[in-house]
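*Asks:* This structure is in structure tokens; I'll ask about it shortly.
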Amino acid sequence: MKEPLSELQQMVVDAATDKKASDIIILDLRNRTDLTDFFFICSGRSKVQVQAIADSILERSYQSPYKVSIVEGRSTGNWIILDLGDLMAHVFHYETRIYYDLERLWGDVPVIAEMSG
């Protein structure tokens, strides 16, 4: 870990790891965009797993003060985006993640956390 995770970040990491998400990374966008403060990115090996990871994040958010305002891509299971305000969670099918390569696009921002699995 690069720095301690916030409660929101830890909630999302825990929800994703509960469903065996892999290659978790959190990018710090605070000085780069007004869209959000952080990107959480992880991968699943199948569409069903990607949907399960996103559902786990949604479930945890319902039981917390952190609410998901927008969910995009849930039906396809290739790339699901969950907008939690200060954090945007990107749950990718591993092949889709390789194709879009958000880490390269945002390669000049600090990495807050990185966990493989």
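The values are calculated or read from the model by the stated rules, or taken from the named source; none is laboratory data. All of these numbers come straight from a predicted model, not from anything done at the bench. Positions of Cβ are backbone-derived with ideal geometry, glycine not excepted, and every protein chain shown enters the neighbour counts.
*Asks:* I'd like to check which helices (runs of 4 or more DSSP H) are fully inside the range 25-117 and have at least 1 residues that are buried (at least 19 other Cβ atoms within 10 Å of the Cβ), at pLDDT 95 or above and within 13 Å of the chain's Cα centre (by Cα).
*Replies:* 47-62, 94-100
*Asks:* Looking at (1) in contact (Cβ under 8 Å) with a residue 24 or more places away in the chain; (2) more than 21 Å from MET11 (Cβ to Cβ), which is the only condition THR96 fails?
*Replies:* Tallying (1) in contact (Cβ under 8 Å) with a residue 24 or more places away in the chain; (2) more than 21 Å from MET11 (Cβ to Cβ), THR96 fails exactly one: (1).
*Asks:* Now a separate question. Out of everything in the range 1-24 that is in a loop (DSSP other than H, G, I, E, B) and not small (Gly, Ala, Ser), what residue ends up being nearest to PRO110 (Cα to Cα)?
*Replies:* LYS2
*Asks:* Checking the condition touching a residue at least 60 places away in the same chain (Cβ under 8 Å) and either out of contact with any strand residue (DSSP E or B) (no Cβ under 8 Å at 6 or more places or on another chain) or not aromatic (Phe, Trp, Tyr) (or both), which residue from VAL91, VAL50, VAL68 passes?
*Replies:* Criteria check complete, one pass: VAL91.
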